[in-house]
Amino acid sequence: MKAYLDSVIKRFQSYKALGESTFNQLKDEDLLWQYNQQSNSIAIIVQHMAGNMLSRWTAFLTTDGEKESRNRDTEFESIITTRQELLAKWNEGWDCLFNALNSITEADLEKTIYIRNEPHSVVDAINRQLSHCPYHVGQIVFIGKMLAGADWNSLSIPQGKSDDFNAEKFNK
């Protein structure tokens, strides 16, 4: 099961890096941009992701993953106003998740924990988070790509460069 945890941590690190690569391509005001009142800015998405990770992974083996202290609705309000606040919140959530993952023993993987009073194996709770994070990181990247326009630097294989990429990979 160490291989599973190593793999999960690697996946989460890649999602975190995608978000950060997006932030680095944007102006400060882009992080706060909303298409309309019903849409989330990148800052709001970060607030929600951090709130979710903090709730799910703080004392996760002994307390329900939906903490009484969490106010999910406020995660969708415009609270973050600067890049520095955004990065602090982003890192707070990810640090909580990585600390929790790094603390898990093989015996812990067999345990049952609760999220909103619903039982989950620790593996299932990890997999649940593993689907939640990329969902929102994808939103962050999509918004970033729209706002950067022609100045966007691809975070994967640039359009029209698949053959070059594959040739380089297979010629190693």
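Values quoted throughout were computed directly from the atomic coordinates according to the rules given, and no laboratory measurement underlies them. Here the structure is a predicted model, which is why all the values come from computation and not from measurement. Quick reminder, even Gly has a Cβ in these numbers, built from the backbone with ideal geometry, and neighbours come from all protein chains shown.
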Checklist outcome for this item: For region 30-35, Karplus-derived ³J(HN,Hα) couplings (6.51, -1.76, 1.60; θ = phi - 60°; whole Hz; x for glycine and proline) come out as 5, 5, 9, 5, 10, 4
Item to check | Highest to lowest packing among 53-59, 41-47, scored as the average C-beta count within 10 Å | outcome: 41-47, 53-59
Next on the checklist: Once you order the gyration tensor axes a ≥ b ≥ c over the Cα atoms, which shape class does region 1-79 get: rounded for a/c under 1.5, otherwise prolate or oblate by comparing a/b with b/c?
Outcome noted: oblate
Item to check | Karplus-derived HN-Hα couplings along region 141-157 (A = 6.51, B = -1.76, C = 1.60, θ = phi - 60°), whole Hz, x at Gly and Pro | outcome: 5, 4, 4, x, 5, 4, 6, 6, x, 5, 7, 5, 9, 3, 9, 9, 8
Checklist entry - Amide H to amide H under 5 Å from Gly65: which residues, 5+ apart in sequence or cross-chain, H placed 1.01 Å off N in plane? => result Tyr114, Ile115, Arg116, Asn117
Checklist entry - Could you give me the ³J(HN,Hα) list for region 91-102, computed from phi with Karplus coefficients 6.51, -1.76, 1.60 and θ = phi - 60°, whole Hz, x at Gly and Pro? => result 5, 4, x, 5, 4, 4, 4, 5, 4, 5, 4, 6
Checklist entry - Over all Cα pairs of region 2-170, how is the pair count split among 5 Å bins, expressed in % and running from 0 up to the last occupied bin? => result 1, 8, 16, 19, 17, 14, 11, 8, 4, 1, 0
Checklist outcome for this item: In a Gaussian network model of the chain with springs linking alpha carbons closer than 10 Å, the residue among Ile157, Ile79, Ile115 that fluctuates most is Ile157
Checklist entry - Can you give me the pair-distance distribution of region 53-128, C-alpha pairs, 5 Å bins, whole percents? => result 3, 15, 23, 23, 16, 10, 6, 3, 0
